[in-house]
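Student: I'd like to ask you about the structure that follows.
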Amino acid sequence: MNEKGEVEVFIGSPWAKDSNGNEVETYYEIKDQQLIQHIDYEGTDYPLVADPLFCSDTIDNTASKYTDSNTFSVYPRTCARTYITASYTLGGALLGVFGSTAIGKQMWSEVVADASYQATSTANRPKLKDQFICHAVNPTTIWKSSWNLDTNRPDVSLLDTYKALCNPDY
């Protein structure tokens, strides 16, 4: 986090595997403002593989826009989708939690800062956030090319939005 308390980068959990695909003990350390991954390995099955996931820009705001007068298309970056998928068990249980996670807050703040989003009626914003959270935690929608937030959809609960695969009926 920076001095304003804003998240600047997300780093996935450390992992490492030997040449047979077995997990190897590993951890991160921050030293002299550098992130160092340590791997504790005494075996002989080389090479070892370790590839940390870094994500700093979660939404492609140049691509996110209104596709028509009612649909705001949000384009999450691949690193954000990968981070969410790797860090959480996706599904309905994550619904009430995702909006308060660091990546959930960061992604939504990027959406809210977009000029196109700023043009939406404040009355529509709660249901748009529900649709956004739904796309982020729903394993059937997280990898769609865009997350379409529709202002014309009814304002139902977050759970009902999820049950409708993020598209509650009109």
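Student: Would you check which residues across the stretch 115-147 are charged (D, E, K, R) and in a helix (DSSP H, G or I) and list them?
Tutor: Step one: of the stretch 115-147, the residues charged (D, E, K, R) are 125, 127, 129-130, 144.
Residues satisfying the conditions are Arg125, Lys127, Lys129, Asp130.
Quick grid of which residues meet (1) touching a His at 6+ places or on another chain (Cβ under 7 Å); (2) among the small types (Gly, Ala, Ser); (3) part of a loop (DSSP other than H, G, I, E, B); (4) under 30 Å from Thr120 (Cβ atoms):
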| position | (1), (2), (3), (4) |
| --- | --- |
| Glu3 | no, no, yes, no |
| Gln37 | no, no, no, no |
| Gly43 | no, yes, yes, no |
| Tyr46 | no, no, yes, no |
| Asn61 | no, no, yes, yes |
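Student: Tyr27 fails exactly one of the following numbered conditions: (1) touching a helix residue (DSSP H, G or I) at 6+ places or on another chain (Cβ under 7 Å); (2) part of a strand (DSSP E or B). What is the number of that condition?
Tutor: Result: Tyr27 passes all but (1).
Student: Among the listed residues Trp143, Trp108, Trp147, which satisfies the condition of being under 18 Å from Tyr66 (Cα atoms) and open to solvent by 30 Å² or more (accessible area, probe 1.4 Å)? It would help to see each step written out before you state the result.
Tutor: Working: Trp143 fails: under 18 Å from Tyr66 (Cα atoms); Trp147 fails: open to solvent by 30 Å² or more (accessible area, probe 1.4 Å).
Being under 18 Å from Tyr66 (Cα atoms) and open to solvent by 30 Å² or more (accessible area, probe 1.4 Å) holds for just one of Trp143, Trp108, Trp147, which is Trp108.
Student: Go through the stretch 36-62 and count every residue that is touching a strand residue (DSSP E or B) at 6+ places or on another chain (Cβ under 8 Å) and either open to solvent by 70 Å² or more (accessible area, probe 1.4 Å) or touching a residue at least 60 places away in the same chain (Cβ under 8 Å) (or both).
Tutor: Residues of the stretch 36-62 touching a strand residue (DSSP E or B) at 6+ places or on another chain (Cβ under 8 Å): 36-41, 48-50, 52-56, 58-60.
Now narrow it down to the ones that are either open to solvent by 70 Å² or more (accessible area, probe 1.4 Å) or touching a residue at least 60 places away in the same chain (Cβ under 8 Å) (or both): 40, 49, 54, 56.
Matching residues across the stretch 36-62 total 4.
The values are calculated or read from the model by the stated rules, or taken from the named source; none is laboratory data. It should be emphasised that the depicted structure is a prediction, and the values quoted were computed from it without experimental measurement. Counting neighbours? That spans all protein chains shown, and the Cβs are built from the backbone with ideal geometry, glycine included. Only protein heavy atoms, including side chains, enter the accessible area calculation; ligands, DNA and RNA are left aside. Shrake-Rupley method; radii C 1.70, N 1.55, O 1.52, S 1.80 Å.
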